[in-house]
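Visitor: Here it is: the structure, laid out below.
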Amino acid sequence: MSGVTECDTVWMGARLATMIGAGLGAIDDGMIAARAGRIIHVGPSEDARAFAPAKLVQCEGRLVTPGLIDCHTHLIHAGDRSGEFEARLRGASYEEIARAGGGIVATMRATRAASQDELVRTALPRLDALIAEGVTTIEIKSGYGLNLESERQMLRAAQMLAAQRPVQIISTFLGAHAVPPEYAGDPDGYVALVADTMLPTLAAEGLVDAVDAFCEGIGFSASQAARVLEAARALRLPVKLHAEQLSNLHGAALAAKYDALSADHLEYLDNAGVAAMAASGTVATLLPGAFYFTRETKLPPIAALRNAGVPIALATDCNPGTSPLTSILLVLNMAATCFGLTVEEALRGVTVNAARALGRLDVIGTLEAGKRCDLAIWDVGRPAELVYRMGLNPLHARIWSGR
Ligand code: DI6
Ligand code: FE
């Protein structure tokens, strides 16, 4: 076997969307070789001659993309907010419900009351729905515990999910999601607890990959968010921020000042915020599920983001209040239909740019040698079909870490 490279698997006869370069990085008749869970070669199918795989897979012209990445979720939560949904259908606003003690704090009560096993058990169907659509990496935020014990329980539940399914989970500490009732009237006191006690403790326990905050009128002011980002910086943890979802508190510019991986939502983002994000390389993570579900009418400034060269990522924002969504494929369609993203932009939003938004572009997000072998193999003829259909799942096979 001299002159050939031994490996575990070769996929050939595939239509590859490598996501390398500016567009889809298409290779019409392509192959991928993997060894020990990593991609070792990507090229035209004829390159397969140089490999001696233990297993050879003929893709018969199917589309192969990087495994999809859901880079912003609140997947772990207990309780039921469908009653709030009904109240909104009768005319109540999200902010009214939150101010009346519903919203995030309602989920907090249920989450505090749940055991760790319950948190895992109730999150699994949601995780499985995403996995069934080719998702191989998912970010999960805490933020419904709002005290040390319960935030810890959420972050541990995220680790337990990763042990139960073939998927990578990235845990983000969102202690500054809402002010819990015991700190009512004292948001600064709660922010101090988050920044000075909760974050350092949970980070020392190895439970925190990144830090986030909800910078909003019903959440935290920019200066309160800055305290949290400052504490994250002191621990050398990457940051991101919920910014400009319902109003413009200039959170995106703040995030950019802290070299945030991403600023997320961004419907109310202004030109100065766009420029700040472009300068710091902060990804714009757009969440069309929340836009749709809250019946928002203000569009994020897509043209300005494009013109400034800000990378755009997309995610489900899976949460019980504003985006009870567990379909990354529907996110693609919503991003195209509601926000006017192109097929290329939408698909890059759940692969290469989602990897950027998680600070993991060195390991995932594109099909290239050296990266983890996470693939989604689709029964479609054209990439546009993944964005165009609503409610059809054409996933043929999903590979995580080469298997
Ligand atoms: N923005 C949102 O849309 C969600 N959290 C956030 O910071 C809402 C979360 C919830 O209502 O439970
Ligand atoms: Fe969110």
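The values are calculated or read from the model by the stated rules, or taken from the named source; none is laboratory data. Every value quoted in this text rests on a predicted model; they were computed, and no experiment measured them. Using ideal geometry, Cβ is built from the backbone for each residue, glycine included, and neighbour counts are taken over all protein chains shown. Note: accessible area is taken over every heavy atom of the protein model, side chains too, but ligands, DNA and RNA are not part of it. Shrake-Rupley method; radii C 1.70, N 1.55, O 1.52, S 1.80 Å.
Visitor: Fully extended, how many nm does the chain gain between SER221 and ALA100 (0.36 nm per residue separation, minus their Cα-Cα distance)? Kindly include the intermediate steps, with their values, before the conclusion.
Guide: On the way: separation 121, 0.36 × 121 = 43.56 nm, distance 1.97 nm.
Computed gain between SER221 and ALA100 is 41.6 nm.
Visitor: How large is the direction-averaged shadow of the alpha-carbon convex hull of the chain, in nm²?
Guide: Values: hull surface 75.2 nm².
One quarter of the hull surface, i.e. the mean projection, equals 18.8 nm².
Visitor: For segment 257-386, report the translational diffusion coefficient in µm²/s to the nearest whole number, using Stokes-Einstein at 20 °C, 1.002 mPa s, and a Kirkwood Rh over Cα pairs. Can you show the working numbers first?
Guide: Details: Rh = 15.2 Å.
Once the numbers are plugged in, D ends up at 141 µm²/s.
Visitor: Would you pull out the residues with amide H under 5 Å of HIS41's amide H, same chain only if 5 or more places away, H placed 1.01 Å from N?
Guide: When sequence neighbours closer than 5 places are left aside, the close amide H contacts are ALA33.
Visitor: Follow-up question, since we're still on this one. Amide H of LEU75 versus every other amide H placed in the peptide plane: which residues, excluding those fewer than 5 positions away on the same chain, fall under 5 Å?
Guide: LYS141
Visitor: Also: Need the C-alpha centroid separation for segment 277-331 versus segment 44-113, integer Å.
Guide: Taking the Cα centre of segment 44-113 as reference, the centre of segment 277-331 is 13 Å away.
Visitor: Rounded, prolate or oblate for segment 280-320? Axes are the square roots of the Cα gyration tensor eigenvalues, ordered a ≥ b ≥ c, and the cut-off for rounded is a/c under 1.5.
Guide: oblate
Visitor: Separate question: With every protein chain left in place, what is the accessible area per residue of the chain in square angstrom, probe 1.4 Å? Display every interim value, and only then the final one.
Guide: Working: 15200 Å² over 403 residues.
It amounts to 38 Å² per residue over the chain.
Visitor: What is the local net charge at SER45, summed over the other residues whose Cβ is closer than 14 Å to its Cβ (Lys, Arg +1; Asp, Glu -1)?
Guide: Details: positive: ARG15, ARG49, ARG62; negative: ASP28, ASP29, GLU46, ASP47, GLU60.
With Lys, Arg at +1 and Asp, Glu at -1, the net is -2.
Visitor: Let me ask something else about it. Taking 0.36 nm per residue of sequence separation and subtracting the Cα-Cα distance, how much length would be gained by fully extending the chain between ALA162 and GLU86, in nm to one decimal?
Guide: On the way: separation 76, 0.36 × 76 = 27.36 nm, distance 3.34 nm.
Gain in length upon complete extension: 24.0 nm.
Visitor: Taking all protein chains as present, what is the carbon and sulfur share of the accessible area of the chain, in % to the nearest whole number, probe 1.4 Å? Please list the in-between numbers first.
Guide: Working: 7820 of 15200 Å².
Accessible surface attributable to carbon and sulfur in the chain totals 51 percent.
Visitor: On to the next question. By Kyte-Doolittle mean hydropathy of at least -0.5 and Cα axial length of at least 20 Å, which whole DSSP H helices of the chain are selected?
Guide: Numbers: long enough: 116-131 (21 Å, 0.14); 148-164 (24 Å, -0.29).
The qualifying helices are 116-131, 148-164.
Visitor: Put TRP400, TRP11 in order of accessible area, largest first, 1.4 Å probe: what do you get?
Guide: TRP400, TRP11
Visitor: So for the chain: antiparallel DSSP bridges make up what percent, rounded to the nearest 5?
Guide: 40 percent
Visitor: Okay, next question. Starting with the highest mean, order 87-98, 152-163 by the number of other Cβ atoms within 10 Å, averaged over the residues of each peptide.
Guide: Details: 87-98: 14.6, 152-163: 20.2.
Put in order of decreasing packing, that is 152-163, 87-98.
Visitor: Next question. In debye, nearest 20: dipole of segment 68-357 around its Cα centre with unit charges on the Cβ of K, R (+) and D, E (-)? Could you put the intermediate results ahead of the total?
Guide: Numbers: 22 positive and 31 negative charges, 53 e Å.
The calculation lands at about 260 debye.
Visitor: Right, next: Just for segment 1-135, what percent of DSSP beta bridges are antiparallel, to the closest 5? Don't skip to the end; give the middle numbers.
Guide: On the way: 12 of 22 bridges.
Taking every DSSP beta bridge with both residues in segment 1-135, the antiparallel ones total about 55 percent.
Visitor: Take the Cβ-Cβ distance between SER247 and ASP186 as r, set R0 to 25 Å, and report the resulting FRET efficiency rounded to the nearest 0.05. Numbers along the way, then the final one.
Guide: Working: r = 22 Å, r/R0 = 0.89.
That gives a FRET efficiency of 0.65.
Visitor: Net charge around TYR258, counting only other residues with Cβ within less than 13 Å of its Cβ (Lys, Arg = +1; Asp, Glu = -1)?
Guide: Working: positive: ARG227, ARG233, ARG236, LYS240, LYS257; negative: ASP212, GLU230, ASP259.
Once positives and negatives cancel, what remains is +2.
Visitor: Which sequence of ARG15, ARG49 reflects their accessible areas, 1.4 Å probe, from the largest down?
Guide: Numbers: ARG15 75, ARG49 185 Å².
Correct descending sequence by accessible area is ARG49, ARG15.
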